[in-house]
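Down below is the structure, laid out as structure tokens.
The values are calculated or read from the model by the stated rules, or taken from the named source; none is laboratory data. Since the model is a prediction, treat every value here as computed from it, not as a measurement. Heads up, the Cβs are rebuilt from the backbone with ideal geometry, glycines too, and the neighbour counts pull from every protein chain shown. Surface areas here come from the heavy atoms of the whole protein model, side chains and all, with no ligands, DNA or RNA. Shrake-Rupley method; radii C 1.70, N 1.55, O 1.52, S 1.80 Å.
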Amino acid sequence: MKIRQDLRNVAIVAHVDHGKTTLVDKMLWESGAFGDHASVEKTGERVMDSGDLEREKGITILAKNTAVHYAGKAAQNVGVSAGITINVVDTPGHADFGGEVERALSMVDGVVLLVDAAEGPLPQTRFVLRKALAARLPVIVVINKVDRPDSRIEEVEAETVDLLLALAQDLVDEGEEVDLDSLLDVPVLYCSAKAGCCSWEKPDRGELPGKDLHDLFDAIINRIPGPQYDPDAPLAAHVTNLDSSPFLGRLALLRIHNGTLRHGEHVGWARHDGSITDVKLTELLATFGLERKSVEEAHAGDIVAVAGIPEITIGESLVDLEDPRPLPLIKVDDPAISMTIGTNTSPLAGRVRGHKLTARQVKDRLDRELIGNVSLKVLPTERPDAWEVQGRGELALAILIEQMRREGFELTAGKPQVVTKEIDGKRYEPMEQMTIDVPEDYLGKVTELMAARKGKLQTMSNHGTGWVRLIFRVPARGLISFRSKFLTETRGSGIASSIADGYAPWQGTITRRQSGSLVSDRAGKSTPYAMIQLQERGSFIIQPGSEVYEGQVVAENPRGEDMDVNITREKKQTNMRSSTADAFEGLVPPRVLTLEESLEFAAEDECVEVTPEEIRIRKVVLSAQDRFKIASRRRRQERGE
């Protein structure tokens, strides 16, 4: 086996909001990728978060790669005077997008693990670290945000090393081979990604480490090996991601493991069904900074994009036609949460011209999502216009619905449910390890909240800063609709994150929502007069003057029961003032729910109507009379009649 010294492939992994994308930004700036005349005002911050939703939410959703050319002292020391190309893969930090992380790790030869100097290792840190160790990838630990006044550099470093050894021991117990000696010698750097500086030397609390990122580049070049390849082996390239171009069509992003790809040549396309098809590469693109440029050939170890294969999908391979050796498929964890997504069946469907309404359009869009999202599954249901979509978590499914909404689709989304398994004739459900950081004042409320959701406290630690860290093991369905209640109980100060933690026998009934709903009993326009009369009954989630229909949820009822109300009632006209002269002064401003909040709010017999203009919550059965019959039938069944 030979090793390329002029190339490094590395993934930057961390928990959400620990500074991955910011660090990639600073690496690009230091390497001169933006040019001499560029400025932050022109390029913007976090250039790798290119999607609208990524910028709005401040999180990375899709794994993306860039190339940094480094010609500093570290490159000279290994004998590459022309400089070393470092392919950097920026990965999502949220556990719901774990499929992106698993794909990214299949492209690289090592990982840079970022850990917040104040928060320490969190659930996603554990997830990505376990995947990296299982893939036998070398790890560089970077303690980020060391200039925070509340940083705990020594404690976080010890916690991270302990986590490394604990995960390695878990893998050894499962029969995996792990080099424990190398883990004891894991390099640790201290960094402030926002300031663009990193150092081997530990700074004082609140102080900046070093002046630039030279030490980080030095660690990557010296601690992460170059790509290994067999010079006598035939072509083998693995498709790890997909992209598209308005001029070239579908682009397959791939890592070349052996051999050489050339522009315009014929290669073998190894498909999922085992067949090998002769295809021609119409374009070959390599990444330089943030741009893709056409190249004539690419060699083993390179991460490139190819065009000319419109139906290629993730996990397939490009191989030599005469000696095909397909690579194994990418394995991802099973989905834990499901949601029914179908066409919009409300009375207000199709009011705006140009919206995408039909079942065929919705199904085609879901099929397109399956091509690039390997952690998603779409299953048929009893209805021809609805499908069960399974994913890692609520956020991943909510992001999919939000993307479709912005593309002009009208949808009906059901309440999220867990995906159970049948093991030895018993029903098992997915479990989560939930890590919660809260001020000490809210410890009792959080413990009570988790106990109601069948959460079992595993560890509790107090760092002496007034904050407590709690780790629970809780059923995944107990975390559905958890976030809004948690933020309310902690006055917005709590931080919660979770990660999949295997399966356990069904944990019993969990009460999700104590309150009921106020439901419109007729179609029309909501009036301020009616809302003022009803506001003592509950808190409204619609605006005055908005169009409603029978079965639409208009407010939350503090009592645990539903109530049909007339939200369209108008003030009677008198000889003193007209019926339209409503007074708004006494109306409490309604709550405006986002898509995620609407999915959390919806009860078991409710669903969410999603259109490009509006998000409404409605009953699955719109007719009040039909709902009454269903409730009566259920009560008779419970009494055993």
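Rounded to the nearest 10 degrees, the inclination of helix 20-30 to the longest alpha-carbon principal axis of the chain is 40 degrees. A simple spin-label model places the labels of Arg271 and Ala158 5.8 nm from each other, with each point 7 Å out along Cα-to-Cβ.
The residues of the chain expose, per residue, 47 Å² of accessible area to a 1.4 Å probe. Pair-distance distribution of the stretch 488-641: all C-alpha pairs, bin width 10 Å, starting at 0; shares per bin in whole percent are 9, 32, 31, 19, 7, 2, 0, 0.
Highest mean first, how do 266-279, 124-137, 197-210 rank when packing is the count of other Cβ atoms within 10 Å averaged over residues?
Sorting 266-279, 124-137, 197-210 by mean packing, highest first, produces 124-137, 197-210, 266-279.
Reachable lysines from Lys211, Cα under 20 Å, same-chain residues fewer than 8 places away excluded? Reachable lysines: Lys20, Lys26, Lys73, Lys145, Lys194, Lys202. Of interest is the spacing of the C-alpha centroids, which for the stretch 287-361 and the stretch 495-528 amounts to 33 Å.
Among the listed pairs Lys363/Lys485; Lys525/Lys571; Lys421/Lys619; Lys2/Lys131; Lys363/Lys525, which are separated by more than 23 Å between their Cα atoms? Violating the 23 Å limit, Cα to Cα: Lys363/Lys485; Lys421/Lys619; Lys2/Lys131; Lys363/Lys525.
To the nearest 10 square angstrom, how much accessible area does His18 have with a 1.4 angstrom probe? Counting only protein heavy atoms, His18 exposes about 0 Å² to solvent.
Backbone phi angles across the stretch 465-470, fed through the Karplus curve with coefficients 6.51, -1.76 and 1.60 (θ = phi - 60°), yield HN-Hα couplings of 9, x, 10, 10, 9, 10 Hz in residue order; Gly and Pro are listed as x. Taking packing as the residue-averaged number of other Cβ atoms within 10 angstrom, the listed peptides 318-329, 597-608 run from highest to lowest as 597-608, 318-329.
Ordering Ser245, Asn557, Gly502 by the projection of their Cα atoms onto the charge dipole of the chain, which places +1 on the Cβ of Lys and Arg and -1 on the Cβ of Asp and Glu, puts Asn557 at the extreme positive end.
The Rg/Rh ratio for the stretch 362-511 is 1.03, where Rg is the radius of gyration of the alpha carbons and Rh is the Kirkwood radius. Distances between placed amide hydrogens fall under 5 Å for Ala504 paired with Glu429, Met431, all partners being 5 or more residues away or on another chain.
Volume per residue for the stretch 87-194 equals 104 cubic angstrom (convex hull of Cα atoms).
Given contacts defined as C-alpha pairs under 8 Å and at least six residues apart, what's the relative contact order of the stretch 356-401, whole-number percent?
Worked out over the stretch 356-401, it gives 25 percent.
Between Ser546 and Lys525, the contour length at 0.36 nm per residue exceeds the Cα-Cα span by 7.0 nm. Taking a virtual spin label 7 Å from the Cα of Arg406 along the C-beta vector, which residues in the stretch 224-266 bring their backbone nitrogen under 19 Å of it? Residues passing the 19 Å test: 242-246. Round to the nearest 10 and give me the degree value, 0 to 90, for the angle of helix 214-223's Cα axis relative to the longest principal axis of the chain. Computed tilt is about 70 degrees. Surface composition of the stretch 363-472: carbon and sulfur make up 50 percent of the accessible area, probe 1.4 Å. Taking the 1.4 Å solvent-accessible surface of the stretch 153-198 as the whole, the part contributed by carbon and sulfur is 47%. The 3J(HN,Hα) values that the Karplus relation (6.51, -1.76, 1.60; θ = phi - 60°) gives for the stretch 504-514 are, in residue order, 8, x, 3, 8, x, 6, 10, 7, 8, 10, 7 Hz. Gly and Pro appear as x. Per q in 0.11 Å⁻¹, report the Debye log10 I(q)/I(0) for the chain, using one uniform scatterer on each alpha carbon and no solvent. Here the Debye-derived log intensity ratios amount to -1.19.
Taking amide H atoms as placed 1.01 Å from N in the peptide plane, the amide H of Thr91 lies under 5 Å from those of Ile12, each 5 or more residues away in sequence or on another chain. 3J(HN,Hα) along the stretch 416-428: x, 10, 8, 9, 8, 10, 9, 10, 6, x, 10, 8, 10 Hz, from the Karplus curve 6.51 cos²θ - 1.76 cosθ + 1.60 with θ = phi - 60°, whole Hz, x for Gly and Pro.
Between helix 359-372 and the chain there is an angle of about 30 degrees, using the helix long axis and the longest principal axis of the Cα atoms. Electrostatic tally near Arg271: other residues with Cβ closer than 10 Å to its Cβ, Lys and Arg +1, Asp and Glu -1, net -3. Residue ranges 371-377, 393-399, 442-448 sort as 393-399, 371-377, 442-448 when ordered by packing (mean number of other C-beta atoms within 10 Å per residue, highest first).
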